[in-house]
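Presented below is the structure to which this report refers.
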Amino acid sequence: IDQSPRLDMSIQKNISSLAQNIPSKVHLIAVSKTKPIAMLQEAYEAGHRAFGENKVQEMVSKWEYLPKDIQWHFIGHLQKNKVKYMAAFVSLIHGVDSLSTLREIEKQAKKHQRVISCLLQAKISEEATKFGLPMIEIQKILFSEELKKMEHVKIVGLMGMASFTDDTEQVAKEFRSLKDFFNQTDLAVLSMGMSGDYHIAIQEGATMIRLGSSIFGARN
Ligand SMILES: *Cc1c(COP(=O)(O)O)cnc(C)c1O
């Protein structure tokens, strides 16, 4: 991880202008994947505490180095064998898409005597590359006896990623389908919207947005 200092104040400016422009009930996760520690520190000094990472090892290194009141959100595709590395500190795992992953999270959370909050990832896009579960599979997990027995996992909401397209009506439609499903549950968190589509996601009812490039600048 690059730890060179930065001198401009653009991250602070981006965060404060976002804070002014998004409704106060919408949670902003600053997606810091690939970005150097100094940039996270700048966001931290601007008062930001919720960061999103998509590689477990990178998140662990940053967690070790940075203040311990940061909430770490894991937003990547989760491999079961990596759960153990973050079980001590992760605050929300966004991309859970199987009971067997939940089983592993339960096992690792128990070792740390924690309850780990998770979101089930829904497949809302037609794109083949997007992970996630059909709504029917989410239903099955939510109502499963096995989940009820898990004392160290709490499913608090749903996460979705819309198609990568300029067709804003298509994106809105995909977010709306997730919101409609979400409304039929008693879950609290709806994580949808990235830098390119968060305005639409908020309009369609997101309670949490995950922004990387609009805070930290483009990634390589
Ligand atoms: C990288 C990433 C984001 C942030 O993307 P930006 O376009 O930089 O805002 C949000 N969610 C997930 C799951 C990501 O992997």
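The values are calculated or read from the model by the stated rules, or taken from the named source; none is laboratory data. Being a predicted model, the structure only gives us computed values, none of them experimental. Virtual Cβ from ideal backbone geometry, glycine too; neighbours counted across all protein chains shown. With ligands, DNA and RNA removed, areas are computed over all heavy atoms of the protein, side chains included. Shrake-Rupley method; radii C 1.70, N 1.55, O 1.52, S 1.80 Å.
Here are some notes:
- Environment charge at residue 92 (Cβ cut-off 14 Å; Lys +1, Arg +1, Asp -1, Glu -1): +3
- Of the two radii for region 71-153, the radius of gyration is 0.96 times the Kirkwood radius, both from the alpha carbons; that is the Rg over Rh value.
- Here the chain has 51 percent of its accessible surface on carbon and sulfur atoms, given a 1.4 Å probe and all protein chains in place.
- For the chain, convex hull of alpha carbons as volume per residue, Å³: 123 Å³
- Heavy-atom accessible area with a 1.4 Å probe sorts 39, 59, largest first, into 39, 59.
- Local electrostatic count at residue 130 - Lys and Arg +1, Asp and Glu -1, tallied over other residues with Cβ under 12 Å: -3
- Charge dipole of region 49-149 about the Cα centre (unit charges at C-beta), most positive-ward option of 83, 113, 133: 113
- A straight chain from residue 111 to residue 203 at 0.36 nm per residue would run longer than the Cα-Cα distance by 29.1 nm.
- When the residues 143, 74 are ordered by accessible surface, computed with a 1.4 Å probe over the protein chains alone, the sequence from largest down reads 143, 74.
- Seen from residue 120, the other residues with C-beta closer than 9 Å to its C-beta sum to a net charge of -2, counting Lys and Arg as +1 and Asp and Glu as -1.
- Among the trypsin sites (Lys or Arg not before Pro) in region 45-97, those located in a DSSP loop and surrounded by at most 10 other Cβ atoms within 10 Å of their own Cβ are 68.
- Computed as a quarter of the hull surface, the mean projected area of the alpha carbon convex hull for region 16-143 stands at 9.2 nm².
- Largest first, the residues 101, 207 sort by 1.4 Å accessible area into 207, 101.
- Shape class of region 111-189 from the Cα gyration tensor (axes a ≥ b ≥ c, square roots of the eigenvalues): prolate, since a/c reaches 1.5 or more and a/b is larger than b/c.
- Backbone phi angles across region 187-204, fed through the Karplus curve with coefficients 6.51, -1.76 and 1.60 (θ = phi - 60°), yield HN-Hα couplings of 6, 9, 10, 10, 8, 8, x, 10, 3, x, 9, 5, 4, 5, 4, 5, 4, 8 Hz in residue order; Gly and Pro are listed as x.
- Note on region 63-128 and region 200-220: Cα centroid distance 20 Å, given to the nearest whole angstrom.
- Pairs exceeding a 32 Å alpha-carbon distance, out of 62/123; 35/84; 82/123; 35/148: 35/148.
- Within the chain, the longest segment free of exposed loop sites, counting GluC sites (Glu not before Pro) that fall outside DSSP classes H, G, I, E and B and have at most 13 other Cβ atoms within 10 Å, spans 1-125.
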